[in-house]
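What follows is a set of notes on a single structure, which appears directly below.
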Amino acid sequence: MPFTITQDTTAEPEYEARCVSGEETECGAESGTQHSPGPVEEWQRKHTQETGHRRYRRDFGDYAVLQPPPDVNGLVTPTVGPT
């Protein structure tokens, strides 16, 4: 069945970064979770200025909602296990 996948607008997306600079081990400093990319990018700039580190792992998370086609009228039943 062709579902439409959309971002759930009732939940805020999450952005974060972790410093992965380092030879033997990663720095590991983290930006903390933010609800927009701006504060994470600013944290990266500041961390780079303070440490010289320039490599980061960035993560983005959101929630998705699957909507059935309009002509289904709620007749969709979930399946359990492999089909």
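The values are calculated or read from the model by the stated rules, or taken from the named source; none is laboratory data. The structure displayed is predicted, hence computed values, not measured ones. Positions of Cβ are backbone-derived with ideal geometry, glycine not excepted, and every protein chain shown enters the neighbour counts. The accessibility values were calculated without ligands, DNA or RNA, using every heavy atom of the protein model including side chains. Shrake-Rupley method; radii C 1.70, N 1.55, O 1.52, S 1.80 Å.
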Gaussian network model of the chain, Cα within-10 Å springs - most flexible of VAL40, VAL65, VAL20: VAL65
Approximate spin-label separation CYS27-THR6, in nm, with each point projected 7 Å along Cα-to-Cβ: 4.0 nm
Label-point separation, ARG54 to GLU14 (7 Å along Cα→Cβ), nm: 3.1 nm
Cα-based convex hull volume of the chain per residue, rounded to whole Å³: 154 Å³
Carbon plus sulfur fraction of accessible area for the chain, probe 1.4 Å, in percent: 48 percent
Å² per residue, accessible surface of the chain at 1.4 Å: 81 Å²
